[in-house]
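Readers should treat all values here as calculations from the given coordinates under stated rules, not as data from a laboratory. Because the structure is predicted, anything quoted here is derived from the model rather than measured. Here the Cβ positions follow ideal geometry from the backbone for every residue, glycine too, while neighbour counts run over all protein chains shown.
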Amino acid sequence: MASKQDIACFSPGLAGIPVAESGVSTIDGQQGVLAYRGIDIEELAEKSSYEETAFLLIYGELPTVDELAKFDADLRYHRTIKFSIRDMMKCFPESAHPMDALQACVAVLGMYYPMETGLNQHLNEDQIRDVYVRLIAKLPTIVAAHSRMRKGDDPIPPRKDLSHAANFLYMLTGNEPSPLAERIMDVALIVHAEHTMNASTFSTMVVASSQADPYSSISAAVGSLSGALHGGANEDVLHMLDEIGTLENAEAYLQDKLKNKKKIAGLGHRIYKTKDPRATLLQKLYVDLAKEMGEDPTYEIARYIEQFSKETLGKKGVCPNVDFYSGIVYRKLGIETDLFTPIFAVSRVAGWLAHWREQLSDGRIYRPMQIYNGQSNQAYVPIAERD
């Protein structure tokens, strides 16, 4: 039996405790730097595409022209989903959150593409590649199909002639996006694709460590991401902005939050002690969108909150995180609020799969210890003698 005296390194939530070695991504929280495989996220956002970034995360290096063309072609080919999965979605309640629908559908994919449980470490490269392309390609189709079907509309089939980002927007809306909208969605997917050992990535690795099939691992990651303390936070930001309503109401709202020691949505991060670099990139995306589509009061409120936080909380390292501006960007693109976190999953699946691949080579099941704080030496009391 372990006690607190026996385990000096006890840390609730594993805060600060390394649980794996990884070459996928790194963060400098003091400087506000995020890099995928050593390449700064800002450079990838400027020069790369989501397809290329996904390849980089999974395989560890940028693809050649031929490698990227083959990877892109595979993704386009695997975008369709089984008709029975669409039929299953018809049975979901209309009130079902899109993340719940996505988690269920990802788990079901494992039934259509089964792998022999217990032998995952012996998968060949073709089998592993099939997992990559199926999950990256099919998640956008699942999210878009459920979004339409819950309203009584038919899902829109994917198009092979569109990029990953453009096809996703097309399946959601039925309209081919403008070049700017396509590029902004592409960058948003790059920005969310990976972020070291977060809760959903850890969930992927824990399930994978038991040699469960990869679809179970990614389904678990989706479930973890759905929580309000993880991916669900971007919805909270828009709810907050809508609740404030006007710029004139912002200061009183924020002062009340500080007075009552309540969290302000979209501010603060476990690692970053300065502005999240992803928030900076997403803010730039909004500015680009606003030039084409016009600004709205929501952005002015967000800018006010950022300035307010800089003056009141900045010294404590409480700054805008990735969720602060992502919702504003997605809403400007005409995307419904409860789809923000599913879009996060559509992007992050590349990072999850990169860590899944690393876990395959580790081969050790996660089995952390606990500190027991319950009673000891209790005698069994017959039920007739209990009060």
Taking a ≥ b ≥ c as the square roots of the Cα gyration tensor eigenvalues, with a/c under 1.5 meaning rounded and otherwise prolate when a/b beats b/c or oblate if not, the stretch 233-332 comes out oblate
Size of charge dipole - the chain - debye, nearest 20, with Cβ of Lys, Arg +1 and Asp, Glu -1, no other charges: 700
Please list, in order along the stretch 337-350, the HN-Hα scalar couplings obtained from phi with the Karplus expression 6.51 cos²θ - 1.76 cosθ + 1.60 (θ = phi - 60°), rounded to whole Hz, x for Gly and Pro. 4, 6, 9, 4, 5, x, 5, 3, 5, 4, 7, 5, 4, 5
Kindly write out, for the stretch 176-181 in residue order, the coupling ³J(HN,Hα) from the Karplus curve 6.51 cos²θ - 1.76 cosθ + 1.60 (θ = phi - 60°), rounded to whole Hz, with x marking Gly and Pro. 5, x, 5, x, 5, 4
Applying the Karplus parametrisation 6.51 cos²θ - 1.76 cosθ + 1.60 with θ = phi - 60° to the phi angles of the stretch 162-175, what ³J(HN,Hα) value in whole Hz is obtained for each residue in order, glycine and proline being reported as x? 10, 5, 4, 5, 5, 5, 4, 5, 4, 5, 6, 10, x, 10
Sites matching trypsin sites (Lys or Arg not before Pro) across the stretch 40-109 that sit in DSSP coil, with at most 16 neighbouring C-beta atoms within 10 Å: K82
Straight-line reach from K284: which aspartates and glutamates have a Cα under 16 Å away, not including same-chain ones fewer than 8 places off? E42, E43, E46, E182, D186, D276, E292, E295, D296, E300, E306, D323
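May I ask you to order 300-311, 267-278, 56-67 by the average number of other C-beta atoms within 10 Å around their residues, highest value first?
Numbers: 300-311: 17.6, 267-278: 20.7, 56-67: 15.2.
Per-residue mean Cβ counts within 10 Å order the peptides as 267-278, 300-311, 56-67.
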May I ask you to list the lysines whose Cα is less than 29 Å away from that of K151, ignoring any residue fewer than eight positions away on the same chain? K82, K90, K138, K160, K332
Inter-part gap, Cα centre of the stretch 269-312 to Cα centre of the stretch 156-185, in whole angstrom, is 25
Put +1 on the Cβ of every Lys and Arg and -1 on every Asp and Glu Cβ in the chain; which of P12, G174, S95 then has its Cα farthest towards the positive end of the dipole? P12
Rounded to the nearest 500, what is the chain's calculated 222 nm mean residue ellipticity when only DSSP H runs of at least 4 contribute -39500 (n - 2.57) each, over all residues? -18000 deg cm²/dmol
Would you please put 370-376, 107-113 in order of how densely packed they are, using the mean number of other Cβ atoms within 10 angstrom per residue and starting with the highest? 107-113, 370-376
With +1 on each Lys and Arg Cβ and -1 on each Asp and Glu Cβ, how big is the dipole of the stretch 6-76 about its Cα centre, in debye rounded to the nearest 20? 160
Loop only per DSSP, at most 13 neighbouring Cβ atoms within 10 Å: give me the GluC sites (Glu not before Pro) in the stretch 94-157, ordered by residue number. E94, E116
